[in-house]
1. Over the chain, what relative contact order in percent results from Cα pairs under 8 Å that are six or more residues apart?
2. Which of Gly15, His53, His29 sits farthest toward the positive end of the charge dipole of the chain, with +1 on the Cβ of Lys and Arg and -1 on the Cβ of Asp and Glu?
3. Taking only protein heavy atoms into account and a 1.4 Å probe, give the accessible area per residue of the chain in Å².
4. How far apart, in nm, are two points set 7 Å out from the Cα along the Cα-to-Cβ line at Lys25 and at His8?
5. To the nearest 20 debye, what charge dipole does segment 1-44 have about its Cα centre, counting +1 at the Cβ of each Lys and Arg and -1 at the Cβ of each Asp and Glu?
6. Pop out the carbon and sulfur fraction of the accessible area of the chain as a percent, whole number, probe 1.4 Å.
7. Which angle from 0 to 90°, rounded to the nearest 10, does the C-alpha axis of helix 29-52 make with the longest principal axis of the chain?
8. Between the DSSP loop rule and a limit of at most 13 other Cβ atoms within 10 Å, which trypsin sites (Lys or Arg not before Pro) in the chain are left?
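The values are calculated or read from the model by the stated rules, or taken from the named source; none is laboratory data. Not measured: the values here are computed from a predicted model. Don't worry about glycine lacking a Cβ; one is built from the backbone with ideal geometry, like all the others, and counts go over all protein chains shown. When the accessible area is computed, the model is the full protein with side chains, heavy atoms only, and any ligands, DNA or RNA have been set aside. Shrake-Rupley method; radii C 1.70, N 1.55, O 1.52, S 1.80 Å.
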Amino acid sequence: MSLCHLKHEICTGCGRSRSEIKEWKGMKHKEQKATVERAAVRLKELRRKERKH
């Protein structure tokens, strides 16, 4: 069951891309951690852009 809601190929809740979501279960813990860190930065940027509009 997926709780992600995509907008422009990025989840508006967690910040992961569509491909990261698809690959998540096959990732090792270290890869998941790096993905979460990238996603947090991406999500922060996405929200910053939305506030400007």
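1. Here the relative contact order equals 31 percent.
2. Towards the positive end, the residue furthest out is His53.
3. Ligands and nucleic acids excluded, the result is 86 Å² per residue.
4. 3.0
5. On the way: 11 positive and 5 negative charges, 13 e Å.
I would put it at about 60 debye.
6. On the way: 2550 of 4580 Å².
Using a 1.4 Å probe with all protein chains present, the chain comes out at 56 percent carbon and sulfur.
7. For helix 29-52, the angle is close to 10 degrees.
8. Details: sites: Lys7, Arg16, Arg18, Lys22, Lys25, Lys28, Lys30, Lys33, Arg38, Arg42, Lys44, Arg47, Arg48, Lys49, Arg51, Lys52; in loops: Arg16, Lys28.
Here the trypsin sites (Lys or Arg not before Pro) that fit, given the DSSP loop and packing criteria, are Lys28.
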